[in-house]
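Visitor: Before anything else, here's the structure in question.
The values are calculated or read from the model by the stated rules, or taken from the named source; none is laboratory data. Note that this is a predicted model, so its numbers are computed, not measured. As a convention, Cβ positions derive from the backbone with ideal geometry for all residues, glycine included, and neighbour counts pool all protein chains shown. For accessibility, only protein heavy atoms count, side chains too; no ligands or nucleic acids. Shrake-Rupley method; radii C 1.70, N 1.55, O 1.52, S 1.80 Å.
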Amino acid sequence: MVDLLSQHKKLEPELIAVLQQVIDNSAFIKGKEVGIFEQNLANFLQVSQVISCANGTDALQIALMALGLQPGDEVIIPAFTYVATAEVIALLGLTPVMVDVEEETFNISLPGIAAAITDKTKAIIPVHLFGQCSDMEPIMALAQKHGLFVIEDNAQSLGAEYKMKKAGTIAHIGCTSFFPTKNLGCMGDGGALMTNDPALAEKIRMIANHGQQKKYYHQVVGCNSRLDTLQAAILNVKLPHLNQYLDARKHAGVYYQNALKDFEYGTLPTNQPASPPTYNQFTIKIKNGLRDQLKDFLASKGIPTMIYYPLPLYKQEAFKKYVAEGFSLSFTERLCQSVLSLPIHTEMTEEQLKFISDILLKFHP
């Protein structure tokens, strides 16, 4: 699904050099490379503040903590997303309120958000799924109308744009992940938060560092969530290549779109003019209950695929208690039963893309 070895081989001399430098300095926690990376990413995103942390899940949790939400407060999220979005809400004693998504874009439904707002609602977390932004302009307008915070879950879409603004910089706080398979990946776990609000940035930085600004003086209850220096050094090498990586993903996505336009058993991803996709995943909706049969067919030809996601969040055992018995969301249900993601990454060749597309077009159940 992702060829990390080939990507890193191209950068190997530079990566080895910066890792050796970190070893020589031996400042493995909060070394100078961390601050340099935060500033480099802030410059790339054109946002005033970036605060790095240990992973994308921590980024979401720290964002919620920084907003001062209280147990029982409701946070609206899409039901079709990775578990981390809901997990952090539950861990903090908040209530995840799951709403449907748009079947065409896979992103959170604006009517779904509007219908879910109550006097307990305090925040919305739109997820920019598979490399394409949610429709942020009306979401921000709705949030402003009701006095709600918005946190962008940008783990799959770093570098994507929405109406000429970088994803993750539009809401009160943006969160991202540097998991190795993301648009910008490190060699382990890593994450970051971004904001244009200096007061929020100060609080976020404090929470991520045990609730302290000065060592051993703890102003709030925080957590221990740091991007280590080795990972920051790796990200500093890779960040200048991010636009190149995004172009490669877009090239692969456009190739699939053209090669598979006559694929009769599936619907290809929809491209939104306001937010050109960066194709962290290339996800097809397979028709007529043929998803598993197609997955097996491709596997028999040596082509891996993935299902993101096989179950709505509200059907996961851990989250059933947050919804009424029999609760169901139509588009989310259909997507979980039909989606199939093809290999897509920064190192794909025309030969690989042609091979996969040709095989897919030979599928006849």
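Visitor: Taking a ≥ b ≥ c as the square roots of the eigenvalues of the Cα gyration tensor of the range 165-206, is the shape rounded (a/c under 1.5), prolate (a/b larger than b/c) or oblate? Before the final figure, lay out each step's value.
Guide: Numbers: a/c = 4.26, a/b = 1.63, b/c = 2.62.
Judged from the Cα gyration tensor, the range 165-206 comes out oblate (a/c at least 1.5, b/c at or above a/b).
Visitor: Follow-up question, since we're still on this one. Rounded to a whole number of µm²/s, how large is the Stokes-Einstein D of the chain at 20 °C and 1.002 mPa s, given Rh as the Kirkwood radius over C-alpha pairs?
Guide: Details: Rh = 21.2 Å.
In µm²/s, the coefficient is 101.
Visitor: Then there's this: What is the range 294-354 by shape, rounded, prolate or oblate, if you read a ≥ b ≥ c off the alpha carbon gyration tensor as root eigenvalues and call it rounded for a/c under 1.5, prolate for a/b larger than b/c, and oblate otherwise? Working shown, then result.
Guide: On the way: a/c = 3.37, a/b = 2.83, b/c = 1.19.
In terms of gyration-tensor shape, prolate.
Visitor: Of the DSSP beta bridges with both residues in the range 135-203, give the percent that are antiparallel, rounding to the nearest 5. List each step's numbers first, then the result.
Guide: Details: 6 of 9 bridges.
That works out to approximately 65 percent antiparallel.
Visitor: Also, I was wondering about something else. Counting pairs of alpha carbon atoms under 8 Å apart in space and at least six apart in sequence, what relative contact order in percent does the chain give? Before the final figure, lay out the partial values.
Guide: Working: 720 pairs, mean separation 77.6, N = 365.
Value for the chain: 21 percent.
Visitor: If you don't mind, there's one more thing I want to ask. Working out 0.36 nm times the residue gap between TYR217 and ASP296, then minus their Cα-Cα distance, what length gain in nm do you get to one decimal? Before the final figure, lay out the partial values.
Guide: Details: separation 79, 0.36 × 79 = 28.44 nm, distance 5.70 nm.
This chain segment gains 22.7 nm when fully extended.
Visitor: Once the other residues with Cβ under 12 Å from the Cβ of GLN156 are scored (Lys, Arg +1; Asp, Glu -1), what is the net sum?
Guide: Working: positive: LYS182, ARG249; negative: GLU152, ASP153.
The answer is 0.
Visitor: At a 10 angstrom cut-off on C-beta neighbours, averaged per residue, how do the peptides 245-254, 173-182 rank from highest to lowest?
Guide: Details: 245-254: 19.1, 173-182: 24.9.
By packing density, highest mean first, the sequence is 173-182, 245-254.
Visitor: LYS362: which lysines have alpha carbons under 19 Å from its alpha carbon, excluding same-chain residues fewer than 8 sequence positions away?
Guide: List returned: LYS261, LYS285, LYS287, LYS295, LYS301, LYS354.
Visitor: Sticking with this one: Local charge sum around PHE282 (other residues, Cβ-Cβ under 11 Å, Lys/Arg +1, Asp/Glu -1)? The partial results should precede the final answer.
Guide: Working: positive: ARG249, LYS250; negative: none.
Here the charged neighbours net out to +2.
Visitor: Still on this model: Using +1 at the Cβ of each Lys and Arg and -1 at the Cβ of each Asp and Glu in the chain, identify which of GLN244, VAL34, LEU260 lies farthest towards the dipole's positive end.
Guide: Looking along the dipole axis, the top candidate is VAL34.
Visitor: How about LYS122: which lysines have a C-alpha closer than 28 Å to its C-alpha, ignoring those fewer than 8 places off in the same chain?
Guide: List returned: LYS145, LYS163, LYS165, LYS166, LYS203, LYS315, LYS320, LYS321.
Visitor: Any idea of LYS215's accessible area? Nearest 10 Å², probe 1.4 Å.
Guide: Accessible surface of LYS215 is approximately 130 Å².
Visitor: Which net charge results for the neighbourhood of ILE139, defined as the other residues with beta-carbon distances under 14 angstrom from its beta-carbon, given Lys and Arg at +1 and Asp and Glu at -1?
Guide: On the way: positive: LYS145, LYS163, LYS165; negative: GLU102, ASP135, GLU137, GLU152, ASP153.
Neighbour charge sum, excluding ILE139 itself: -2.
Visitor: Amide H neighbours of ILE303 under 5 Å, at least 5 residues apart or on other chains, H built in the peptide plane: list them.
Guide: Under 5 Å from the amide H of ILE303: no residue qualifies.
Visitor: For every helix of n ≥ 4 consecutive DSSP H residues, a contribution of -39,500 (n - 2.57) applies; sum these over the chain, divide by its total residues, and give [θ] at 222 nm rounded to the nearest 500 deg cm²/dmol.
Guide: Values: 13 runs with 141 residues, N = 365.
Result for the chain: -11500 deg cm²/dmol, rounded to the nearest 500.
Visitor: For LYS9, which lysines qualify as cross-link partners when the Cα separation must be under 23 Å and same-chain residues fewer than eight apart are set aside?
Guide: LYS182, LYS238, LYS250
Visitor: Taking the highest mean first, how do the peptides 260-268, 204-212, 151-159 order by number of other beta carbon atoms within 10 angstrom per residue?
Guide: Values: 260-268: 13.9, 204-212: 20.7, 151-159: 28.9.
So the peptides 260-268, 204-212, 151-159, ranked by packing, come out 151-159, 204-212, 260-268.
Visitor: Counting DSSP beta bridges with both partners in the chain, what percentage is antiparallel, nearest 5?
Guide: The antiparallel proportion sits near 60 percent.
Visitor: Can you list residues whose amide H is under 5 Å from GLY266's amide H, if they're 5+ apart or on another chain and H is modeled 1.01 Å from N?
Guide: Under 5 Å from the amide H of GLY266: LYS287.
Visitor: Still on this model: Could you order GLU161, GLU33 so the one with the most accessible surface comes first? Probe is 1.4 Å. Walk me through the numbers before you get to the answer.
Guide: Working: GLU161 60, GLU33 20 Å².
The residues order as GLU161, GLU33, largest area first.
Visitor: Carbon and sulfur: what percent of the range 91-165's accessible surface (1.4 Å probe)? Write down the numbers at each step before the final one.
Guide: Details: 1580 of 2810 Å².
Result for the range 91-165: 56 percent of the exposed heavy-atom area is carbon or sulfur.
Visitor: Rounded, prolate or oblate: which one fits the range 23-120, using the alpha carbon gyration tensor with axes a ≥ b ≥ c (rounded when a/c is under 1.5, else prolate when a/b beats b/c, else oblate)? Don't skip to the answer; put the middle values down first.
Guide: On the way: a/c = 2.62, a/b = 1.93, b/c = 1.36.
Prolate shape, in that a/c is at least 1.5 and a/b is the bigger ratio.
Visitor: For the range 106-121, take each phi angle, set θ = phi - 60°, evaluate the Karplus expression 6.51 cos²θ - 1.76 cosθ + 1.60, and give the result in whole Hz per residue in order, putting x for glycine and proline.
Guide: 6, 9, 4, 8, 4, x, x, 4, 4, 6, 8, 6, 10, 6, 9, 5
Visitor: If you count only protein heavy atoms and use a 1.4 Å probe, how large is the accessible surface of HIS241, to the nearest 10 Å²?
Guide: 50 Å²
Visitor: Now, a different point. Taking a probe of 1.4 Å, how large is the accessible area per residue of the range 80-138, in Å²? Provide the component values of the computation, followed by the final result.
Guide: Values: 1910 Å² over 59 residues.
Computed with neighbouring chains in place, this is 32 Å² per residue.
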